[in-house]
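Presented below is the structure to which this report refers.
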Amino acid sequence: MVREDDLRETLDRAATEIAEIQSNPRAWLSWMIYLLDRLESAATKSSSADKDSFTEMLSALQDAIRNRDRTGGW
């Protein structure tokens, strides 16, 4: 759990820094794409099954974004 807490803090700091550097949320898209690209690279290093799992995660992310758009909450 400690590692997850550390990761959460790291991501919180990264989100804060991105927002401070680029105040327009539209500009954050490139950072989201960058993060997804890095995660995909990490997934494909291990195995093709991890690549498939990454693709499934992207599909679930699309669903979460659609739900967020409809309901206003994550």
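Extension gain for residue 41 to residue 16 (0.36 nm times residue separation, less C-alpha to C-alpha distance): 6.6 nm.
The mean accessible area for residues of the chain, using a 1.4 Å probe and ignoring ligands and nucleic acids, is 87 Å² per residue.
Which of rounded, prolate, oblate describes region 1-55, given a ≥ b ≥ c as roots of the alpha-carbon gyration tensor eigenvalues and a/c under 1.5 marking rounded, otherwise prolate only if a/b is larger than b/c? Could you put the intermediate results ahead of the total?
Details: a/c = 3.73, a/b = 1.46, b/c = 2.56.
The shape class here is oblate.
Ignoring ligands, DNA and RNA, what percent of the 1.4 Å accessible area of region 6-74 is carbon and sulfur? Summing carbon and sulfur atoms, their accessible area is 56 percent of the total for region 6-74.
The values are calculated or read from the model by the stated rules, or taken from the named source; none is laboratory data. Fair warning: this is a prediction, and the values are worked out from it, not measured in the lab. Side chains are part of the model used for accessible areas, which takes the heavy atoms of the whole protein and leaves out ligands, DNA and RNA. Shrake-Rupley method; radii C 1.70, N 1.55, O 1.52, S 1.80 Å.
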